[in-house]
Amino acid sequence: MWWLMDDYHAALLTSLIAVWLSFAWKSVFRIAKYFIVISLRQIPANSDVQENQEGQPLLPTRDGETGTTTPQNVTEVLERSDGGAKLIKHIEKYVSQRRSRHKTVSIVFGLFFFAMFLGWVIFGIYSAMIKTDNAALWASNHCGIFVFDADHAGEGAATRADVRGRNKESRAGEYAKSCYQLPEDSILQTKDCGFFYQPFIPFTNKTTYECPFRDPKICAPDTQAITFDTGLVDASRIGVNDPITYKFSRSTTCVPLNNDYPYVQREDRNGTPTFTYHYGEIVDEDGSTNYTFSSAGDPFDMLAPAYNVSAYATSWYPEYDYWKPRPELTPPENSTLTLLFISALHILYLDSSSDPIFGADEKYLFEGEPRPWWYKSDPRSGVLACIDYHQLCSPDGKSCWSVTEDRENLPPGYWLMRLSMEAASNIYDSIVGRLGSALIAQERVSQSTSDGLRNDHWKLEAARLFATSLARIQYEAWSIASGEDRREEGFVDVTPDEAGDLCGIFKFKSVGYENIDVLWLVILSLLSPLLWILSQEVRDVRDRRDWAWAFMKDLYSGQRENGQQDEERNSDVENNPWTEDEERPNLASENQPGQQETGDDTGENRLGGPDDDILVLYFIICRIWTFLFTSFSCIVDVVKSIWQGLPKLRGD
């Protein structure tokens, strides 16, 4: 069980617990001391006897200032010490009159208790472990998935929706850059990564020379394909808070495509070379074309230091797609395909590169400079193809299915996971809004020059885009849980009825709040009184009775009847645990053997013989119960007041 507190009250509570634990040090010292004393008493004392015969004075040495005698052995040193300060004092007296062997033993014991003290201090510091984490549930009454209704919204609303979509893509890209820590990214985080329950979704990568398409010729020759794979990921990692969470997997395979004939064809139009890219046909309301993309002229002649990017993709419902890939490029079932056409415009590189997409193979000399620059001489665009795979899996991970497959009687947590993946978790939705500005290569451009790029720079770009697609899953989960787009013009709620209530099941890391482990808080609160009870030493019936009465005197003193006088006082000191000057409570009076009960109250219980232990035990149990009940009530009242004073985290 946890309570969510603000940072101030959480820090205050842990500090109080640390101080409270420090009071128990003396009890810990006494317990450890008793164990050592008992062990020392069981050791034969032959060596001590011999030494006493040789060098121990007949009369014990007495301290002239305090009047106390000097301890005669290690056991006595420990018995006289109630704390660390007294232990050091007695060891100093003892060592000053003993041989080196005893000095060593005493120093060892001193160091042992000093180490215990340091350990207890460290344990008190670690009382901060009652603060578990700062996870919280997002509270919103307007959760759901909202999409733009292009059929009923105006052009202005459509333009604003496009800008909003680009902003969503951009924030995911920035988050991937800062929090997924890819090799090409800086180790310095430029964005806060502490909002999501888990900062990122881990993934691996694998390269192979095997072409992922039906016809290997469509892949660029002598070029590897790279696959990124998350494996099975528990839905709790993206913030789904359910007793039983389902799993998902996400993978992408990217490879440069062959841009030679017949896939790319050239023709001159009015003296300008024009390239058509035949990777499928375009079908839309304006007609159809037998090619996917076209470019004209030499990109290097365009005086713009940028990258030109065009994106095309299929969806999970190919019958509605405007781009129909050629047969060799048809993606596998339950997958989607994205094609990126990338051209470097007027950009000069510091070094050459044989990258199939971001290559730089031609020298460019400035007058008076001995060192050449490099640029891409091929006017054709590089083509990067990426196949995206999505799977949803059972909680045990033994069965998986496509995101488009309908399943019945599944909890809202499953639907939050599914809708988060369906919304925008592929490569296309990781770049279509930003296009060239999304590239790592663009970040390295200054005016018309750029740092040199690696020979396989395209792999870094693919990794960044895959990480962005994972970040979009994280953001979409929060967007659905908070109803982010509900107030935007033209957006309508399309949450499936079978998804149920998606509110209150998204967990995140709250800023300025901490969760307190109530069980650990109670344990640490009760540890000090428990250690105090365990550290009490009782030797016989009289000691137990004296200790119990001292323990219970304050509790029962208020129950004495006004004006009532003690009928008799016991003058036998051996059988009377109270001093002569201390008033005895009118709870009972002792019977001496052979005496009859006296007094007006004939039914009064009296102390005597074995019943003393029962009464003592009863006193102790009642006292402990009263202490525990009072302490727990105080803790409940404090926590309740703090809880009522906390502002509720809401997403509205």
Return only the number of the condition from (1) touching a Leu at 6+ places or on another chain (Cβ under 9 Å); (2) at pLDDT 95 or above that Asn455 does not satisfy. (1)
Flag if Val494 is under 26 Å from Gln391 (Cβ atoms), among the β-branched types (Val, Ile, Thr) and modelled with pLDDT under 95: yes
For the stretch 258-285, what are the residues that are more than 50 Å from the chain's Cα centre (by Cα), surrounded by fewer than 12 Cβ atoms within 10 Å (Cβ to Cβ) and in a strand (DSSP E or B)? Arg266, Glu267, Asp268, Arg269, Thr272
Near pairs, Cβ below 7 angstrom, 6+ apart or cross-chain, from the stretch 165-183 (under 19 Å from Phe228 (Cβ atoms)) to any residue that is in a helix (DSSP H, G or I) and of a type in the set (A, V, I, L, M): Ala172/Ala471; Gly173/Ala438; Tyr175/Ala471; Ala176/Ala467; Ala176/Ala471; Tyr180/Ala467; Leu182/Ala463; Leu182/Ala467
Filter the stretch 140-160 down to the residues that are in contact with a Gly (Cβ under 6 Å, 6 or more places away or on another chain) and not aromatic (Phe, Trp, Tyr), then identify the one that is modelled with the lowest pLDDT. Ser140
I'd like the full set of residues that are surrounded by 21 or more Cβ atoms within 10 Å (Cβ to Cβ), in a helix (DSSP H, G or I) and either among the hydrophobic types (A, V, I, L, M, F, W, C) or not assigned by TED's automatic domain parsing to the domain that holds Leu345 (or both), limited to the stretch 402-444. Trp415, Leu416, Met417, Leu419, Met421, Ala424, Ala438, Ala441
Take the residues of the stretch 286-311 that are in contact with a Gly (Cβ under 8 Å, 6 or more places away or on another chain) and either of a type in the set (Val, Ile, Thr) or assigned to a strand (DSSP E or B) (or both): which is farthest from Leu345 (Cα to Cα)? Thr292
Between residues in the stretch 313-329 that are touching a residue at least 40 places away in the same chain (Cβ under 8 Å) and hydroxyl-bearing (Ser, Thr, Tyr) and residues that are in a strand (DSSP E or B) and exposed (fewer than 15 other Cβ atoms within 10 Å of the Cβ), which pairs lie under 6 Å by C-beta distance while being six or more apart or on different chains? Tyr322/Val283; Tyr322/Asp284
Hey, can you tell me all the residues within the stretch 347-387 that are crowded, with 22+ Cβ neighbours inside 10 Å, of a type in the set (A, V, I, L, M, F, W, C) and either modelled with pLDDT under 95 or within 18 Å of Arg444 (Cα to Cα) (or both)? Ile347, Ile357, Phe358, Ala360
Please enumerate the residues belonging to the stretch 194-236 that are in the same structural domain as Lys247 (by TED's automatic domain parsing) and among the small types (Gly, Ala, Ser). Ala220, Ala225, Gly231, Ala235, Ser236
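The values are calculated or read from the model by the stated rules, or taken from the named source; none is laboratory data. This structure is a prediction, so every number in the text was calculated from the model and none was measured. Ideal geometry is used to build each Cβ from the backbone, glycine not excepted, and the neighbour counts take in all protein chains shown.
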